[in-house]
Every structure is written in structure tokens, then in C-alpha cells.
Amino acid sequence: MTLKLDKVNRGPHLSTLVASSISREIAQGRLKVGDQLPTEQALATTFGVSRNVVREAIARLRSEGRIWSQQGRGAFVADVPNSTVLTIDYDALQQATAFRSLFELRGILEVQAAALAATRRTDDDLAAMRQALETMTSVPYGSVAWLKTDLEFHRTLAAATDNPYMVQFLVFVSERVRDSILASGNQQKSEDLASVTLGEHQRILEAIEARDPKAAATAMRQHLAGAAHRVGLPDEE
């Protein structure tokens, strides 16, 4: 078994890059069903990363149904010819059209989620969203910590819909969007943009607190239009 694996570029998305590289080996047949993956240490050495990064990548591949693990034996390529596991290929998202399509899907889900959250939210949901927004104000705009707390705000909003599938799909899509932003490094950064972005989130929160689904949907739509511009997506015709 000869694999084509290279060291990955340094950055906050290392586990995503490692998982993508292993997925590519499976897709191109160099890793076949039943094959055992190299050990954690071997993969860490090959990719030039820590064993923790490799563990995160393996956990991601396991959650996607691409591999299975057995205590004391290691990780093996899974047989998933008719897999219903939703996956989005990391490499494909490096293409502008694919990233835009994913961002469009996110918009469809999030606008509806905001409207539902406005009608179904609880006081606990509001407290969770406020906490996430407060945390965003205390970290550098555009940083890994910012993107993490931004994702948490949208996760708590999704939870306020009282629809567990909405949470699963939104978190899945939003994480892929975040990974692509981190990988490209093309998000604009400035104090003015931080203020604008925080204002967008505040308006979403206020509309949900007021139980106004129309205003919540509008605020979310405006936020996503602004976010698209900030990551370099061209305006819609």
C-alpha cells in the first residue's frame, strides 16, 4: 500500500487538512475497504503535526462514516457503498463556486431558523445567545476565537428553534464554512467591521427577543449578506 501523503501547511485548520488528505486516499483507491490506517505516530510524522491533530482528524472521519476504530487494533477504512452520512469535501470548497453554494445553503437554513427561533425561543435560549454575543465582544475580530464564538451564537439560535435536525444541519454547514474561511484567510479585518458585525448579531437577538419572526428573518438575511461580502463573495445580481 503506497500512499501519497505530504506535510500540511500550518494553521488553525490542521485536522481538517489531515482528514481531507486521508479521505482523498480512500476516494482514489490507495486506501481500500478494510485497510488499516498507519498508526497515529506514523501519521503525525508524515503530516508534520501533533498526535492530537491526528486524533481530531480520525474522529472526524469516524463521524462521517469513512473509517471505524477498534480499541487496541487501530483505525480501518469502512465499507460504506450506500452511505447516508452527509459529507462535504474540504478540497472542493477551495473552489469559489462550491463555497458560494455552501454559503447559499447556510442562508436558506439560517433565515428560517431565525424566524422559528423568534416564535419558539425560551428565556434560557436568550441567555445563551446573549452570552455568546458577549463573548464575541471580548475576542479579536476575525480570529479563531471570534469564529468559534460566532459559530456558538448561531448554534444557540438554532437550538432556540426547538428542532434538533435544524441544529445538526446548521452546525454541520457552519463548521464547513468556518473551516474554509480559516483556510483561505480572506476575511477582512478591522475594528469598524467588528462593530458592524456585532451590530448585525445584536439586531438578530433583539428581533428574536421581541418574538418578531419577520424582523428576525430580515436581520439574519442582512447579516448573511454582510458576511458574504466580508469573506469576498461577490454580490448577487
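The values are calculated or read from the model by the stated rules, or taken from the named source; none is laboratory data. Note that the structure is predicted; figures quoted are calculated from it, not measured. Please note: Cβ atoms are built from the backbone with ideal geometry, for glycine as well, and neighbour counts cover all protein chains shown. When the accessible area is computed, the model is the full protein with side chains, heavy atoms only, and any ligands, DNA or RNA have been set aside. Shrake-Rupley method; radii C 1.70, N 1.55, O 1.52, S 1.80 Å.
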Quick one: in segment 69-81, which of the residues that are surrounded by fewer than 17 Cβ atoms within 10 Å (Cβ to Cβ) and closer than 18 Å to LEU43 by Cα is modelled with the highest pLDDT?
-> PHE76
Could you please find all residues in segment 203-225 being surrounded by 14 or more Cβ atoms within 10 Å (Cβ to Cβ) and either of a type in the set (A, V, I, L, M, F, W, C) or over 17 Å from ALA113 (Cβ atoms) (or both)?
-> ILE204, LEU205, ALA207, ILE208, ALA215, ALA216, ALA217, ALA219, MET220, LEU224, ALA225
From ARG60, ARG66, ARG51, ARG55, which residue is farther than 28 Å from GLN168 by Cβ and either modelled with pLDDT of 85 or more or within 22 Å of the chain's Cα centre (by Cα) (or both)?
-> ARG51
Within segment 97-121, which residues are within 15 Å of ARG176 (Cα to Cα), touching a residue at least 24 places away in the same chain (Cβ under 8 Å) and either open to solvent by 70 Å² or more (accessible area, probe 1.4 Å) or of a type in the set (D, E, K, R) (or both)?
-> ARG100, LEU105, ARG106, GLU110
Any pair with Cβ under 6 angstrom, 6 or more apart, that starts in segment 185-210 at a residue that is assigned to a helix (DSSP H, G or I) and ends at one that is modelled with pLDDT under 95 and open to solvent by 20 Å² or more (accessible area, probe 1.4 Å) | ALA194/TYR141
Segment 29-68, residues that are of a type in the set (A, V, I, L, M) and open to solvent by 50 Å² or more (accessible area, probe 1.4 Å) | VAL33
